[in-house]
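The values are calculated or read from the model by the stated rules, or taken from the named source; none is laboratory data. What you are looking at is a predicted structure, and each value in this text was computed from that prediction instead of being measured. Cβ coordinates were reconstructed from backbone atoms using ideal geometry, including for glycine residues, and neighbour counts include every protein chain displayed. Protein only, heavy atoms only, side chains kept; ligands, DNA and RNA dropped before computing areas. Shrake-Rupley method; radii C 1.70, N 1.55, O 1.52, S 1.80 Å.
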Amino acid sequence: MHAVRIRCLHAAAEIAALRPAINALNLASARPDPFSTFEFYENVLRRSGSLSGGTRSRAWFLAAFIERELVGYLALEEVTDRVLWRPSKRLGFLGAHDADRPHVVAKAENIGVVTEMFYEYLWGHRREWDLLELQQQDSASTLYPPPKGVNLTGCWVRHGPNLDNGTIRVRWRTLQEYFEALAPKFCEDFLRKTHKLLASGASQLLTSSDPASTPALLDLYCSIEKRSGKSRTESTIGGTPKRLDYFRALLDARQPMQAVIQVLVLDGVPVAGLISGAFAGPAHKGLYALHIVFDQSLRSAGPGSAILMMGMHYAIAGRFAFFNLLCGFGHDKTRWLADMTATRCAQIYRVGSLISWRRLLGDAQRWLAARAPLFVRRCVRAARNRDADDLRQDRAGPELERRAPPVTVAERETFRTLIAEARRGRCEWLSTAELMAAMPAVAGHLPEPKGTPRYAAISARPADAA
């Protein structure tokens, strides 16, 4: 076998020159996915300043060659943080925040030697970074534990549990079959909430993967965020222009991952949304749940569960092999029959760097706290709980501020325009009756809507009238 040569590419143009080889190797690898394509990396790099945190960032795209053939790659990103008022360079996966279990991409026969060569390169250039962070590494990872024989002299390794991945293996022919496989108590709770939701007023569902329709659906999706529990967090799509641009770029027809957006509308107002990505590998195609949102004021009616159930409906109808719910919220995902895969986060510190000293200090504090007298530990825990309660109250504000802001006349007109725009493309529109028929075990059990619909009555303010 010829020697493996490693190059580290920092410029976007250098990476772009490898575009065909990157995408071909991804499809030929053991686990092809949409987060290892050139288009995904390009989208992240264009907006890396806001997506990765830190003050500055640049790509560390490690490419392995045998002669002139690309045989493996590892997409990393260098982010400059501030530690004790001084710059500290951290290497992590490129686009890890939006990806699923980043990994070395290579063919099965090359992945072992390629991984060793990547470690050798990183160790040889350890003066250029302070921390190498490898997130979401499962038991199949070739990166962690490091291969035997890898030299990590001068480095200090720590690891801990990371957020588990949840993936539903689609093995049912209909949504009703899937629903009947769920736990009885879960089904009862879902039916109760869904009945309440659909009885609240006229409901419709819009679903599309057509680039002519998805931009309008994305705008409808973002309109839900300000009435959701995410509105005071950094996990919204519309929170920053670059974050919104990142998702708009995912709607491009040239993307290997086809974006699918579903929006649930109640009395003309969007109340829940799900953004998924469809990706076809050589053996099967999968669906990835990228983002979900729902109106917090309707929480008791379960709009989040309803839109996720329709996402499962799309996965079954589209004959996808799996519905990947990505990481986090493991307990909830097991109720949806997701198989959970445990992952770890490995942190490799360069000995003597400021960030390694900060970690040592933190470990020492935790060691002392664990051995403190029980009375002291209880006092510290109580103080932390009080601080956490104060922080939650500061973020939430008074009870009135936690309620969803009223929908104005102008907003309703905007929703009507966006819905009409989405329907001009290839957009599936399920009426109330069709949505009831699509939902499992709901048809024939839903009472007639009574009283004032949830979003029907709108008090026009002077500003709206103007």
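Under the 0.36 nm per residue contour assumption, what length would be gained going from the current alpha-carbon distance of S300 and K226 to full extension? Walk me through the intermediate numbers first.
Working: separation 74, 0.36 × 74 = 26.64 nm, distance 1.80 nm.
Full extension from S300 to K226 adds 24.8 nm.
Using 1/(1 + (r/R0)^6) with R0 = 51 angstrom and r between the beta carbons of D189 and A16, what's the FRET efficiency to the nearest 0.05? Write down the numbers at each step before the final one.
Numbers: r = 49 Å, r/R0 = 0.97.
It comes to 0.55.
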Sort the following peptides by mean Cβ neighbour count (other Cβ atoms within 10 Å, averaged over residues), highest first: 410-423, 219-232, 300-313.
-> 300-313, 219-232, 410-423
Candidate lysines - alpha carbon under 28 Å from K196, same-chain residues fewer than 8 apart omitted = K185, K226, K230, K333, K450
Using 7 Å Cα-to-Cβ label points, what is the H125/T80 separation (nm, one decimal)?
-> 1.7 nm
For segment 323-346 and segment 224-268, what is the separation of their C-alpha centers, rounded to whole Å?
-> 22 Å
FRET efficiency, 1/(1 + (r/R0)^6) with R0 22 Å, evaluated for V351 and D138 via beta carbons | 0.20
With all protein chains present and a 1.4 Å probe, the order of D100, D81, D164 from largest accessible area down is D164, D81, D100
Give the residue from F247, P145, G95 lying farthest towards the positive end of the charge dipole for the chain; charges sit on Cβ (+1 for Lys and Arg, -1 for Asp and Glu) and the dipole is referred to the Cα centre.
-> P145
Taking θ as phi - 60°, what are the ³J(HN,Hα) couplings along segment 63-72 by the Karplus curve (6.51, -1.76, 1.60), each to the nearest whole Hz, with x for Gly and Pro?
-> 10, 9, 10, 10, 6, 10, 8, 6, 10, x
May I ask for the net charge around H10, where only other residues with Cβ less than 12 Å from the Cβ of H10 are counted and Lys, Arg are +1 while Asp, Glu are -1?
-> -2
Amide H partners (placed H, <5 Å) of V293, local residues excluded = G273
Give a residue-ordered list of calculated ³J(HN,Hα) values for segment 27-37 (Karplus: 6.51 cos²θ - 1.76 cosθ + 1.60, θ = phi - 60°; whole Hz; x for Gly, Pro).
-> 5, 8, 7, 5, 9, x, 8, x, 8, 10, 8
Summed side-chain charge close to E128 - residues other than E128 whose Cβ falls under 13 Å, Lys, Arg +1, Asp, Glu -1 | +4
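Over segment 123-167, consider all pairs of different Cα atoms and compute the Kirkwood hydrodynamic radius from their mean reciprocal separation; express it in Å, one decimal. Don't skip to the answer; put the middle values down first.
Details: mean 1/r = 0.0800 Å⁻¹.
Taking the inverse mean of 1/r over all distinct Cα pairs, segment 123-167 comes out at 12.5 Å.
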For S228, other-chain or 5+-apart residues with amide H closer than 5 Å (H placed, Pro excluded) are Q296
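Per the 1.4 Å probe, what fraction of the accessible area of segment 175-216, in percent, lies on carbon and sulfur atoms?
Details: 940 of 1650 Å².
C and S fraction of accessible area: 57 percent.
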For the pair H97 and K196, the simple spin-label estimate (label points 7 Å beyond Cα toward Cβ) gives in nm 3.4 nm
Under a 1.4 Å probe, what is the accessible area of the chain per residue, stated in Å²?
-> 50 Å²
Residues R46 and R424, FRET efficiency given R0 of 25 Å [Cβ-Cβ distance, rounded to 0.05] = 0.30
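May I ask you to give the average projected area over all directions of the convex hull of the Cα atoms of segment 153-286, in nm² rounded to one decimal? Show your work: numbers first, answer last.
Values: hull surface 54.8 nm².
If I average the Cα hull's projected area over directions, I get 13.7 nm².
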Just from its helices, what would the mean residue ellipticity at 222 nm be for the chain, if runs of 4 or more DSSP H residues each count -39500 (n - 2.57) and the sum is divided by every residue, rounded to the nearest 500 deg cm²/dmol?
-> -11500 deg cm²/dmol
Matching label, mean projected area of the Cα convex hull in nm² computed from the structure shown, candidates (i) 24.8; (ii) 26.5; (iii) 21.3 = (ii)
Any idea what diffusion coefficient segment 94-149 gets from Stokes-Einstein, in µm²/s, Kirkwood Rh on alpha carbon pairs, 37 °C, 0.692 mPa s?
-> 265 µm²/s
Pop out the ³J(HN,Hα) list for segment 200-217 in order, Karplus 6.51 cos²θ - 1.76 cosθ + 1.60 with θ = phi - 60°, rounded to Hz; leave Gly and Pro as x.
-> 6, x, 6, 10, 9, 10, 10, 9, 7, 10, 7, x, 7, 10, 5, x, 5, 5
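Can you give the local net charge around N162? Use residues other than it whose beta-carbon is closer than 14 angstrom to its beta-carbon, Lys and Arg +1, Asp and Glu -1. Walk me through the numbers on the way to the answer.
Values: positive: R101, R158, R344; negative: D100, E133, D138, D164.
Net charge in that neighbourhood comes out at -1.
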